[in-house]
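Q: Pasting a structure here, questions to come.
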Amino acid sequence: MVATYRILPLQNPIQTYPWGSRTALAEFLGRPSPAATPQAELWMGAHPKAPSQVQQDDGSLLALDSLIARDPESILGHRTAARFSNQLPYLFKILAAEQPLSIQAHPDQTQALAGFERENRAGIPLDAPQRNFKDPHHKPECICALTPFWAMCGFRPILEMLTLFSSVNSERLAPLLRDLEQSPDSTGLKLFFGSMLTMPAADRRTIIAQAVEKARPLSYNNPVFRWLTALQKSYPDDMGIFAPILLNLIRLMPGQALFLPAGELHAYLHGVAIELMANSDNVLRGGLTPKYIDVQELLKTLNFAHHKLEVLTPETRGRTEKGYPTLATEFSLSVITVQEGAPHTSDNRESVEILLCVEGAATLRQGSPSPPLSLSKGASVLIPAAAGEYTLSGKAVVYKASVP
């Protein structure tokens, strides 16, 4: 039997990765700034690695994954619980990148399941540094800028790559470029990219040194070469510094978003953004990181075909809500804007939602006699499926994660 649930404020963990910002998340959450350590990601969800906490009636805290396990249909909704094996299917984040993240891609569902089972049979611990597959799930994701946000996503057209490479070419790189020029297709690009990643260290150092020397005077007028030289300062012997030439380089403005399906090579460079993804931690890296890189597994995962980079802007879903169109079945991202005299009332709800206030302040009222909740910048709440309809009033911008 489905119980009636109140709306639950969330207490969310922060991941302190080295590339994070010491100010962005602290200031967003209204905490002392700068923080003692770099704060990279705020996680809102039920991932077992770092679940959000909810406060129970007796004042004690309970992990969200444990709450869901007690009564999955009431929290998730009947259809979501049945479809996603009683698991919250998405992970909601704020990402604060002061330094570039690794170049990476995520497997599709078939690859994730096969890789997870293969590494389990091999006896590789889940927390082992050489582990590729942490769970059996794919990881499509949507990134939405809160500040101007630099990112790289998907391979450029090969002719564009060749033109850009011609400005930083060297004797040792020239044979690979000639091969790519003769086979300017997905097969040729896969061979070229794999050769770059597996090149001997001495050749890498020579190629990078010569490329940076040529790129430096070009960096004043071209962000591709500006990022190439910036990346080399942090990763001096890493062929990943050529990613701005290989990948589409973009600066998202606040409110703009990208959807990244499986196999899309990408890296986030700088800025603060909302990230919504399937509830997975599977990452295959290709560079700009001291972490484990499995070149052959990455090459099997990547989509080497060029396609036009589509920048998403939200589409109207109602008087106060706009949504970002994606192909994901696990999540949907939308933004709710309320003004004085123009509140937001939820539609007929059947599934779990997480709300995150990014600007202003709002009052959140549930359909039942529960007391209203204040939602200010940095605050987030879980709205169980069984909580019924709700109303947001005030003056605020609130992002919503839900299930399509």
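Values quoted throughout were computed directly from the atomic coordinates according to the rules given, and no laboratory measurement underlies them. Worth saying up front: this structure is predicted, and the values here are computed from it rather than measured. Because the Cβ atoms are built from the backbone with ideal geometry, glycine has one as well, and the counts that use them run over all protein chains shown.
Q: Quick one: check the C-alpha center-to-center distance for the range 37-75 versus the range 335-404, whole angstrom.
A: The two parts, judged by their Cα centres, are 18 Å apart.
Q: Taking the Cα centre as origin and putting +1 on Lys and Arg beta-carbons and -1 on Asp and Glu beta-carbons, what dipole magnitude results for the chain, to the nearest 20 debye?
A: Dipole of the chain, to the nearest 20 debye: 580 debye.
Q: Relative to the present Cα-Cα distance, how much length would full extension add between Arg83 and Leu327 at 0.36 nm per residue of separation?
A: 86.2 nm is the gain from fully extending Arg83 to Leu327.
Q: Right, something else. Sticking with the crude label model, points 7 Å out along Cα→Cβ, report the distance from Leu159 to Gln210 in nm, one decimal please.
A: Each label point is offset 7 Å from its Cα along the Cβ direction, giving 2.7 nm.
Q: A follow-up question, please. What does the charge add up to near Pro9, with Lys and Arg as +1, Asp and Glu as -1, over the other residues with Cβ less than 15 Å from its Cβ?
A: On the way: positive: Arg6, Arg365, Lys377; negative: Asp57, Glu353.
My count for the surroundings of Pro9 gives +1.
Q: Can you match mean projected area of the Cα convex hull in nm² to one of these, (i) 25.0; (ii) 21.2; (iii) 19.3, based on a calculation from the structure here?
A: Matching entry in (i) 25.0; (ii) 21.2; (iii) 19.3: (ii).
Q: Here is a further query. Let's test the formula: R0 of 56 Å, r as the Cβ-Cβ distance of Asn221 and Tyr292. What FRET efficiency results, to the nearest 0.05?
A: 0.95
Q: In nm, to one decimal, how far is the modelled label at Ser66 from the one at Lys190, with both set 7 Å along Cα→Cβ?
A: 4.7
Q: Work out from phi, with θ = phi - 60° and the Karplus expression 6.51 cos²θ - 1.76 cosθ + 1.60, the ³J(HN,Hα) of each residue of the range 182-196, listed in order in whole Hz, and give x for Gly and Pro.
A: 3J(HN,Hα) across the range 182-196, in whole Hz: 7, 10, x, 9, 4, 5, x, 5, 4, 5, 4, 5, x, 5, 4.
Q: GluC sites (Glu not before Pro) within the range 148-182: which are DSSP loop residues with at most 10 other Cβ atoms inside 10 Å?
A: Working: sites: Glu160, Glu171, Glu181; in loops: Glu171.
Loop-located and lightly packed - Glu171.
Q: State which stretch of the chain is the longest one without any exposed trypsin sites (Lys or Arg not before Pro), exposure meaning a DSSP loop state and at most 11 other Cβ atoms within 10 Å.
A: 1-290
Q: From the backbone phi of the range 388-404, what are the Karplus-calculated ³J(HN,Hα) couplings (6.51 cos²θ - 1.76 cosθ + 1.60, θ = phi - 60°) in whole Hz, Gly and Pro given as x?
A: My calculation for the range 388-404 gives x, 6, 9, 10, 10, 9, x, 9, 6, 10, 10, 8, 10, 9, 8, 9, x Hz in order.
Q: By the scheme Lys and Arg +1, Asp and Glu -1, what is the net charge of all other residues having a beta-carbon under 11 Å from that of Leu246?
A: Net local charge, Leu246 excluded: 0.
Q: Any idea which of Leu252, Phe304, Gly287 is furthest toward the positive side of the dipole for the range 235-345, if Lys and Arg beta-carbons carry +1 and Asp and Glu beta-carbons -1?
A: Positive-end residue among those listed: Leu252.
Q: Same structure again: Which length gain, in nm to one decimal place, applies between Asp58 and Glu117 when the Cα-Cα distance is subtracted from 0.36 nm times their residue separation?
A: Numbers: separation 59, 0.36 × 59 = 21.24 nm, distance 4.09 nm.
Result for the pair: 17.2 nm of gain on full extension.
Q: In whole angstrom, note down how far apart the Cα centers of the range 181-224 and the range 83-104 are.
A: 29
Q: Could you identify which residue out of Gln56, Gln15, Gln99 has the top mean-square fluctuation in a GNM of the chain using Cα springs shorter than 10 Å?
A: The residue that fluctuates most here is Gln56.
Q: What does the helix-only formula give at 222 nm for the chain: each DSSP H stretch with n ≥ 4 adding -39500 (n - 2.57), the total divided by the residues, and the result rounded to the nearest 500 deg cm²/dmol?
A: -7000 deg cm²/dmol
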